[in-house]
Amino acid sequence: MKVDPFTFEIIRHRLFRIIEESIITLKHVSGSSPTVDGNDLVVGLYRPDGSLMMGALGYLHVLPGAGQAVKHIIKEYSENPGIFEGDAFLMNDPYVGALHTPDMYVVTPIHYNGQLVAWSSNFVHLRDIGAINPGGFAPDSREIFHEGFCTPGLKVIERGIVKKDVWRTMMNMVRMPEIVALDLHSQIAANITARQRVIDLVAKYGAETVGEVSRQILDISEKLLRERLLEMPDGTWHARQYLDSHAGTFTVTLALTKKGDTLTYDFAGTSPQAPFGFNSTYWPVVGGCIAPLFPMLCFDMDWNEGLLRPVTVKAPEGSIVNPIRPAPVTIATLSGLEMADNVALEALSKMLLASGKYRQEATAVWLGAHLTITIYGYRNKGYMVSTTPENMGGSGGARTFKDGVDYGGQVINPVARIPNVESMETSVPIMYLFRRLIPDSGGPGKYRGGLTTEFAMTPHDSMNGSVNLVLYGRGQDFTQCEGLAGGYPGSNGAIYIARGAGIKKRLMDGGIPKDIKELSGTQTLTMWGAQQLGEDDFVNVWLMGGGGYGDPLERDPDLVKGDVESGTVSLRYATEIYGVVLDAKLNVRAEETKRRRDKMRKYRLAHAKKLSD
Amino acid sequence: MVLGVAFVVGVDVGGTFTDSVLVDEDGEITFGKALSTPSNFSEGVLNAISDIAQTKKLGIEDLLSKTNLLLHCTTIAENAIITGDLAKAALITTRGFEDILYLQRGAYGRWSGLPEEMIKHPVMTDKPPSVIPRKLVYGVRERTDYKGEIVVPISDPEIRRLAKGFAREGVESVGVCFLWSFQNATNEKRVAKILHSLLPSVGVTLSHELAPFVGEYERVSSTALNARLAPTATTYLKELEVLFSKKGFKGTLLVMQAYGGLVSVKEASKKVVGLIESGPAAGVMGSQFIGGIIGTKNIIACDMGGTSFKVGVITNGTFDYATESQILRYHYNLPKIDIASIGAAGGSIIWIEPRTGLPKVGPDSAGSSPGPICYDLGGEEPTITDNNLILGYLDPEFFLGGRMKLNSEKTRQIFEKKVSRPLKMGTQEAASSVYKLVNSQMGALLHKVTVERGLDPRDYVLFSFGGAAAIHAVEFARELEVQKVIIPMTASVHGAFGAISSDVSHEHFTTRQMDFPPPMSEVNKIFGDLESAARDQLREEGFPEKRIRISKSVTLKFRLQVYALDTPIVSAGGIITEAEMEETGRRFAELYEQRHGKGSAYKDAGMQIVSFRVRAVGTITKPTYRKYEVVGDDPGSASIGQRDAVFGGKTVSTKFYKYDALKPGNILKGPAVILTPITTVVIPATEQARIDEYRNIVIDVGRN
Amino acid sequence: MVYKISESLVIANVRGKLVYQCAKCGHSLGPADKSWKRRSLRLISPLSKAGYRRSTSGRFEMREYICPKCAIVFDVEVALPGDEPLYDLIDVATIPKDALK
């Protein structure tokens, strides 16, 4: 069937607007900060067979799993209980395709004149799911059974009526059911918006035409990606990241092979599954592979299932990136999956560097690992809980032509933003001591990685003067933002608990010093478990700087001068790492710089060894 | 100041033109126009007024001496940001948070304001440079908490040291922004006091005065923008006053603010950020005024020109305020009429995607330079304007009232080469299809605007302004299922018209978080203070009691939900009662669900008051929107003949009319085109337009 | 003419044979159908060499693979001591012909 190019373009454009309006509804009805600000959501439209037609700009690594949710519901439940007009299904089982249990999918079929014409599916990160720890990440979990309410597909609305027994059962199993209910309402409303607008579109252009356009949209994306892959050489590129946990070191290894117009991501060599929730199931890992692929190589294509067709993902069963049920996966999005995102980006960047035409698209790792903590406590008898948002600000990896963007976010979720300090100070009973850049955090290189931030908080106006923390962090040993093509890695993350710092008194007397080491008391690196902060204590979290690009000794000395002037790089490292000599007025001493750099190169040659040694 | 006597003149500086409107004692309106002069805006302003003087056969000094009110919308602020004409400013902020301005809330600064195509391509995106560079940001010892308690006071010696440093470094302007300053401004005020005493000639912007709202990033960004803009904008306004005075003007110069009120030069100089987008704000005021006259309460006002497409919404005769504002990717948070921006306009480029052969509209734009091909200024890419020329909707000889001749030949040639031939279509067919595509896409973007605001377009009337909107307006209306399209008589100068249909207005706030229902004694105390400050201010400006109008509102939100809404308080007397407050709470919940959808209000979480607001209006006598005698339905005398134009893919012999000669009562059956000095009104075959008694063009969509 | 593989690495046609070369000084790093890394030199340092707030636990090491002649850094790995280097391979037959005349 031939659709004229203008009608095609009108329908294609309209489908994207439908998703936008669906997201607007989602945010409007929810009104919650993680959804509205953090953009921790995904909305997608699917063809009747469950293939992704059009995906929005959210957390890209969700898209393949969301498609699996739809396909699974079609396969398993078409006959029993059946799929009817006006239905809605819940799905959050990581072993079917969800990332982890708090990420709840709501899947709605769209019918026109009794015929199934599309699906609308979305997910949000629910604030609680009834796991062994409150708040959505459960460090105490040892198996999926500790991770709260978990369904591989459950009809929650039938023919437009909410099923009371299903609804009540779910609310019975979660903490803060009113907030969870609100989020679910917003997801249902978003799908209703999408459904109505798709029906309007089909009514105007006919089911056959819209169906044909949606089929062709996928074929076009597939064709464009295959054509692009054929423009570059074949090869195999490797990347490896480590999970430095309290329970040992786990390795995620990736070999990315491009052959002709196909890409194969092979995770052979990855560590066996972990006893804690670091694991990530298979479909999210597929998401992790394509999440950097879409914005780095497919930026001018529609993001849909067509782009998945040239891609194969192999993940060894029983490994951290394809655990066997009932392995725990609660922290997947901050560990296993995140590492898959990172190695996929690293390997892809190396491939792009050798691609000729697309070299400029390569970039070092951004953000590294989401280092966030759950805080909860009471203020004026009200229970308050939140996760710290600063990690979403990330750090930009260096590019082949420019530095990484300071606090530039991440590649795989293009539109996030963090709440204000003032927002947080009324969401949880704390007061910030600072939220500021970390100088020298960017990975050195010809182009440096972007800086990241650190923050510190102390209990404030909280019951008993204390707050509770749930910690599930990593990244204190392995530098998550590795450099590219000779660039150095960005800074490590860390969580420090400071006790007996006499914070309140210190604030009263003289305010916060520039260096918190000046404060009294003990500061301990504490990455995992439950902790309590008292009035005299504070928590300090360091995020991770972006990876650098190219040998630091090749960086233009004028750029280094600018770095020192702006406080981005310290004078010490300007000399020690970049080999640039500046005078008292911070002018570049060209001769001395050349001599120093030559000396540093001689040192390298003197101390480097052959690989066989 | 004398009000409501002699001439009132409004002037709006736009991207291409500076428009002017004069209203005399009888309510008679005269329009004027001149090219804008960005290198020295006041030149264009005077020229636009001279244009009116000429029409009225007066000398400019004569006209100005009879003018009592000069109402001005200026683009000086936006322009300064674009050209970089910004003062050297320093920022004083809470120690530990010096980087907040630079951080731009994480990735937010990197992607906001970019088209979707760029957002999908993060490696190629960057944040705009920080408004004030880090080396001019100074964190000082101080801290206020969320309740407004001073946790750490100011250290005077520290501020004095800074001040001396500023003097040495030649700092021209200072911004001060502390955390929670709007809850308790003690520390900011202390700093201001010290700075004023040591640096009397340096302007100081205080965040609690400028933008007393929660959210330190937007507040510090507003403060920084204001500090950098203040010297340029203040100088411009002062010089304008002097210039007018020299030319015989003895009246009052008032300046439009983005929240839709006029303020004195003194007031405007304190909050120059409020000047940003004052032109579009005036446009909305004008739509509101016209709507009030003709009895239309729900309006979607579309202003599409060559480079921008702005949409304002009026519901029940009022409009909403924006909660997040941007100027060129910089964020700020000042009271501002909510105006949406559609990412396509007349200059959007039509192109064929080489790999797929699909036709696309934008996001690239030819802008005003090099502009559409037909402008003959070097543009080589077909634009929406070029497409409209090919369709026969534009008169190449009469474009912009004859000021510009269009090159049809070149346009057709390039369009054929770049669009119709790659598509293997005839030129007419291709242009017609492009028109459909453009209308569908822009219609969908307009629809999104209505969804974002929770309104049903079927209850609205579409007003059309700007050089390009009326060519597409009926099609937009069909997309949205809007019932009526109106091109107001004042469309060609609607910014200036909006200025003269506005009042002097001031916003007074106190941001204070309180559980709802609140203690009424405290509420009434807060409002009492706000109201007396408001009345004092208007009295000082010369308004008698009978011209002062006070309205009160509270901004409410549900706990756990981020969206806050300004909710009017209806109160019988000066003191607000408990019952009236309860009613306000009910009204808020209703408005919330109207805006955000049924079931969206999380009532069980409880409500909170976020801020208290008093809007103080000093009324100015408005122009009379004159009613004309209805003459008859035959538009024959305005006809300039039949021409070929494309409708529904076919060339159709179309009647062309000149607007100036049309009379109230005239009915024009489509297909027809009305030529006005700044735009063309396209009436499709199945529609008809009529001229109402105000000389507005009205199209009742789908009635035939 | 050379074909750029990375910031400081190229594949060059040297008398009909395709070899890896340092992009800066031209030093040969062996045939292009094997990894260039094997012919580079490796400098192992603690992570703190990369600057402030890098881990001092010693759990991981920073490996710089450098040109044996001019010492430019081709690639950096952060790895567990003892873990194998990562060897990337290009199928030289698929490099565009006109890039390597």
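The values are calculated or read from the model by the stated rules, or taken from the named source; none is laboratory data. Source: prediction; values computed, not measured. Glycine also receives a Cβ, built like all others from the backbone with ideal geometry; neighbour counts cover every protein chain displayed. We work out accessible area using only protein heavy atoms, side chains counted, and drop any ligands, DNA or RNA first. Shrake-Rupley method; radii C 1.70, N 1.55, O 1.52, S 1.80 Å.
Details
- Selection over the stretch B:71-89 of residues that are surrounded by 24 or more Cβ atoms within 10 Å (Cβ to Cβ) and aliphatic (A, V, I, L, M) gives a count of 4.
- Across the stretch A:272-298, the number of residues qualifying as in contact with an Asp or Glu (Cβ under 8 Å, 6 or more places away or on another chain) and closer than 30 Å to A:R17 by Cβ comes to 5.
- Residue within the stretch B:238-255 that is basic (K, R) and in a strand (DSSP E or B) present: no
Here's the yes/no breakdown for (1) assigned to a helix (DSSP H, G or I); (2) closer than 22 Å to B:L275 by Cβ; (3) modelled with pLDDT under 95; (4) open to solvent by 10 Å² or more (accessible area, probe 1.4 Å):
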residue	(1), (2), (3), (4)
B:V176	no, yes, no, no
B:S181	no, no, no, no
B:K189	yes, no, no, yes
B:L195	yes, no, no, no
B:F213	no, yes, yes, yes
B:E218	yes, yes, no, yes
B:S221	yes, yes, no, no
B:A224	yes, yes, no, no
B:L229	yes, yes, no, no
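- Note on the stretch B:448-562: enclosed strands (runs of 3 or more DSSP E) holding 1 or more residues that are open to solvent by 30 Å² or more (accessible area, probe 1.4 Å) are B:484-487, B:504-515, B:548-558.
- Between B:D634, B:D604, B:D660, the distinction of being surrounded by fewer than 17 Cβ atoms within 10 Å (Cβ to Cβ), within 14 Å of chain A (Cβ to nearest Cβ) and acidic (D, E) belongs to B:D604 only.
- Scanning the stretch B:231-243 for residues that are open to solvent by 10 Å² or more (accessible area, probe 1.4 Å) and within 12 Å of B:K271 (Cβ to Cβ) gives a single hit, B:T234.
- Within the stretch B:1-56, the set of residues being modelled with pLDDT under 90, open to solvent by less than 30 Å² (accessible area, probe 1.4 Å) and among the acidic types (D, E) comprises B:D24 only.
- Against the list (1) under 30 Å from the mean Cα position of the chain (by Cα); (2) surrounded by 17 or more Cβ atoms within 10 Å (Cβ to Cβ); (3) on the phi > 0 side of the Ramachandran plot, the condition B:G392 fails is (1).
- Only one entry in A:A416, A:A369 is within 19 Å of A:G136 (Cβ to Cβ), part of a loop (DSSP other than H, G, I, E, B), within 11 Å of chain B (Cβ to nearest Cβ) and among the small types (G, A, S), namely A:A416.
- Contacts under 9 angstrom Cβ, first residue in the stretch B:128-153 being farther than 30 Å from B:Q513 by Cα, partner open to solvent by 20 Å² or more (accessible area, probe 1.4 Å) and of a type in the set (D, E), 6 or more apart: B:R134/B:E98; B:R134/B:D99; B:K135/A:E565; B:L136/B:E169
- The stretch A:101-117, residues that are open to solvent by 10 Å² or more (accessible area, probe 1.4 Å) and among the polar types (S, T, N, Q): A:N113, A:Q115
- The stretch A:496-530 - residue that is modelled with pLDDT of 90 or more and within 13 Å of another protein chain (Cβ to nearest Cβ) and, of those, surrounded by the most Cβ atoms within 10 Å (Cβ to Cβ): A:M527
- Residue count for the stretch B:143-158 under the criterion of being within 9 Å of chain A (Cβ to nearest Cβ), crowded, with 16+ Cβ neighbours inside 10 Å and outside any strand (DSSP E or B): the result is 2.
- Restricted to strands (runs of 3 or more DSSP E) entirely inside chain C, those with at least 2 residues that are over 25 Å from A:D440 (Cα atoms), more than 8 Å from chain A (Cβ to nearest Cβ) and free of Cβ contacts under 8 Å to residues at least 24 places away in the same chain are C:9-14, C:17-22, C:28-31.
- Among the residues examined, B:V434 does not qualify as buried (at least 23 other Cβ atoms within 10 Å of the Cβ) and more than 10 Å from chain A (Cβ to nearest Cβ).
- Residue that is most open to solvent (accessible area, probe 1.4 Å), among those in the stretch A:63-100 that are among the hydroxyl-bearing types (S, T, Y) and closer than 25 Å to A:F145 by Cα: A:Y95
- Among all residues of the stretch B:618-625, there is at least one that is modelled with pLDDT of 90 or more, of a type in the set (V, I, T) and either touching a helix residue (DSSP H, G or I) at 6+ places or on another chain (Cβ under 7 Å) or not in a strand (DSSP E or B) (or both).
- Residues in the stretch A:27-77 that are over 23 Å from A:D341 (Cα atoms), part of a loop (DSSP other than H, G, I, E, B) and either away from chain B (no Cβ under 14 Å) or among the charged types (D, E, K, R) (or both): A:R47, A:P48, A:D49, A:G50.
- Checking B:V554 against (1) more than 30 Å from B:Y694 (Cα to Cα); (2) at pLDDT below 90, the condition it does not meet: (2)
- Unmet requirement for A:T25, which otherwise passes all of (1) open to solvent by 10 Å² or more (accessible area, probe 1.4 Å); (2) polar (S, T, N, Q); (3) at pLDDT below 85: (3)
- When the stretch B:308-339 is filtered for residues that are within 12 Å of chain A (Cβ to nearest Cβ) and either surrounded by 22 or more Cβ atoms within 10 Å (Cβ to Cβ) or not β-branched (V, I, T) (or both), the ones remaining, listed by number, are B:E324, B:H331, B:N333.
- The stretch A:214-249, subset part of a strand (DSSP E or B), modelled with pLDDT of 95 or more and surrounded by 22 or more Cβ atoms within 10 Å (Cβ to Cβ), residue farthest from the other protein chains (Cβ to nearest Cβ): A:Q241
- Checking A:T7 against (1) in a helix (DSSP H, G or I); (2) touching a residue at least 12 places away in the same chain (Cβ under 8 Å); (3) crowded, with 22+ Cβ neighbours inside 10 Å, the condition it does not meet: (3)
- Selection status of B:V140, β-branched (V, I, T), buried (at least 19 other Cβ atoms within 10 Å of the Cβ) and more than 23 Å from A:K504 (Cα to Cα): no
- Those residues of the stretch A:393-404 which are more than 12 Å from A:G443 (Cα to Cα) and open to solvent by 10 Å² or more (accessible area, probe 1.4 Å), in sequence order: A:T400, A:F401, A:K402
- Considering residues of the stretch B:681-700 that are in a strand (DSSP E or B) and either touching a Ser or Thr at 6+ places or on another chain (Cβ under 8 Å) or open to solvent by less than 10 Å² (accessible area, probe 1.4 Å) (or both) only, the residue farthest from B:I471 (Cα to Cα): B:I691
- Look at the stretch B:659-680: where a residue is more than 16 Å from B:E629 (Cβ to Cβ) and among the acidic types (D, E) and a partner is modelled with pLDDT under 90 and open to solvent by 10 Å² or more (accessible area, probe 1.4 Å), sitting 6+ places away or on another chain with Cβ atoms under 8 Å, you get B:D660/B:T676; B:D660/B:P677.
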